[in-house]
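Q: Sharing a structure below in structure tokens format, with a few things to ask.
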Amino acid sequence: MDEYLQPTYFLDSDADAVKDLAGAITAGKATDVDKAVALFYWVRDEIRYDVYSLSEDPADYRASAVIEKRVGWCVPKAVLLAALARAAGVPSRLHFADIRNHQISEKLLQVMQTDLFFYHGFTEMHLQGAWVKATPAFNAELCHKMAHKTVEFDGISHGMLPETTLDNEKHVEYVKDRGTAPDLP
């Protein structure tokens, strides 16, 4: 488990901004589950999801940079959640999967030429003896605007992107598991 508690280049859990934020979010939380849940909801809702916030600069994917920008897409948000968890003493790692988003906007579909998102990123935290998946990608405000279900996370069950929208239309389909990594590959 030691590997999943150590800072890395991207999961810079030893950066002051990351340590301070993790401490503020988890203040008064007695258990790792309580800490993980608080961290998840903070990242989900306080870092605005923006798929167009891609960058070619690796430094923009460091957790401390994501805190500063307050915007990201699935991978930067997963990196931040994993780094905050490590700063709070909760072992964490990144997990990647290819997903199909059946609700992709026409604008994004024209840019990507596919509804398949390769290497969608999410976080796993080791809680109560098991790895629990948490996907903080879509913030609640965006979900309400788009009539999508929000991802909920209790620290016990996996919090994954929902298969259907609030109107029971197809939403996210997990197509291929790409495995886990202790840092952003």
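Q: Given the pairs Lys107/Lys145; Lys77/Lys133; Lys107/Lys133, which are separated by over 21 angstrom at their Cα positions?
A: Numbers: Lys107/Lys145 17 Å; Lys77/Lys133 14 Å; Lys107/Lys133 30 Å.
From Lys107/Lys145; Lys77/Lys133; Lys107/Lys133, over 21 Å: Lys107/Lys133.
Q: Determine, from the Cβ-Cβ distance of Lys145 and Asp34 and an R0 of 30 Å, the FRET efficiency 1/(1 + (r/R0)^6), rounded to the nearest 0.05. Spell out each step's value before the answer.
A: Working: r = 29 Å, r/R0 = 0.97.
E(calc), rounded to 0.05, equals 0.55.
Q: Have a look at the DSSP beta bridges in the chain and tell me what percent are antiparallel, nearest 5.
A: Numbers: 22 of 25 bridges.
Given both bridge residues lie in the chain, the antiparallel proportion sits at roughly 90 percent.
Q: Okay, moving on. How large is the helix-only mean residue ellipticity at 222 nm for the chain, computed as the sum of -39500 (n - 2.57) over DSSP H runs with n ≥ 4, divided by its residue count, in deg cm²/dmol to the nearest 500?
A: Helix contribution divided over all residues of the chain: -9500 deg cm²/dmol.
Q: Using a 1.4 Å probe on the protein chains only, how many percent of the accessible area of the chain belongs to carbon and sulfur?
A: Details: 4440 of 8930 Å².
Whole-percent figure for carbon plus sulfur exposure: 50.
Q: Tell me the Rg and the Dmax, in Å, that the Cα atoms of the chain produce.
A: Answer for the chain, Rg first and Dmax second: 15.5, 47 Å.
Q: Using R₀ = 41 Å, calculate the FRET efficiency as 1/(1 + (r/R₀)^6) where r is the Cβ-Cβ separation of Met160 and Ala59; round to 0.05. Before the final figure, lay out each step's value.
A: Values: r = 29 Å, r/R0 = 0.71.
Between Met160 and Ala59 the formula returns 0.90.
Q: Only sites in a loop by DSSP and with at most 12 other Cβ atoms within 10 Å count here; which chymotrypsin sites (Phe, Trp or Tyr not before Pro) in region 13-117 make the cut?
A: Numbers: sites: Phe40, Tyr41, Trp42, Tyr49, Tyr52, Tyr61, Trp73, Phe96, Phe117; in loops: Tyr52, Trp73.
Within region 13-117, the qualifying chymotrypsin sites (Phe, Trp or Tyr not before Pro) (loop, at most 12 other Cβ atoms within 10 Å) are Tyr52.
Q: Full extension from Asp167 to Arg48: what is 0.36 nm times the residue separation minus their Cα-Cα distance, to one decimal in nm? Let's see the in-between values first.
A: Details: separation 119, 0.36 × 119 = 42.84 nm, distance 2.34 nm.
Full extension of this stretch gives 40.5 nm more.
Q: Which residue, chosen from Trp42, Pro162, Asn139, occupies the Cα position most advanced towards the positive end of the dipole of the chain, where the dipole is computed from +1 (Lys, Arg) and -1 (Asp, Glu) charges on Cβ about the Cα centre?
A: Among Trp42, Pro162, Asn139, the one farthest towards the positive end of the dipole of the chain is Pro162.
Q: Against the longest principal axis of the chain, how steep is helix 32-46, in degrees 0 to 90 to the nearest 10, with axes from Cα atoms?
A: With rounding to tens, the tilt is 50 degrees.
Q: Which trypsin sites (Lys or Arg not before Pro) in region 51-99 sit in a loop by DSSP (not H, G, I, E or B) and have at most 16 other Cβ atoms within 10 Å of their own Cβ?
A: Qualifying residues, ordered by number: Arg70.
Q: If you don't mind, another one. Can you list the HN-Hα couplings for region 143-153, worked out from phi with the Karplus curve (6.51, -1.76, 1.60; θ = phi - 60°), rounded to whole Hz and with x for Gly and Pro?
A: 4, 5, 4, 8, 6, 9, 6, 7, 7, 10, 9
Q: Excluding same-chain residues fewer than 8 positions from Lys149, which aspartates and glutamates have a Cα within less than 15 Å of its Cα?
A: Asp45, Glu141, Glu163, Asp167, Glu169, Glu173
Q: What's the local net charge at Ala22, with K and R +1, D and E -1, over the other residues with C-beta under 14 Å away?
A: Details: positive: Lys19, Lys29, Lys35, Arg86; negative: Asp12, Asp14, Asp16, Asp20, Asp32, Asp34, Glu46.
In short, -3.
Q: Send over a whole-number figure in Å² for the accessible area per residue of the chain, probe 1.4 Å.
A: Values: 8930 Å² over 185 residues.
Value returned for the chain: 48 Å² of accessible area per residue.
Q: Please compute the length gained on full extension between Glu152 and Asp16, using 0.36 nm multiplied by the number of residues separating them and subtracting their Cα-Cα distance. Present the calculation step by step, with values, prior to reporting the outcome.
A: On the way: separation 136, 0.36 × 136 = 48.96 nm, distance 2.83 nm.
Extra length from Glu152 to Asp16 when fully extended: 46.1 nm.
Q: Ala181 to Leu108: extension gain in nm, 0.36 nm per residue of separation minus the Cα-Cα distance?
A: Numbers: separation 73, 0.36 × 73 = 26.28 nm, distance 2.78 nm.
This chain segment gains 23.5 nm when fully extended.
The values are calculated or read from the model by the stated rules, or taken from the named source; none is laboratory data. Computed from a prediction, not measured in an experiment: that's the story for all the values here. Cβ coordinates were reconstructed from backbone atoms using ideal geometry, including for glycine residues, and neighbour counts include every protein chain displayed. Surface accessibility is based on the protein's heavy atoms, side chains included, excluding ligands, DNA and RNA. Shrake-Rupley method; radii C 1.70, N 1.55, O 1.52, S 1.80 Å.
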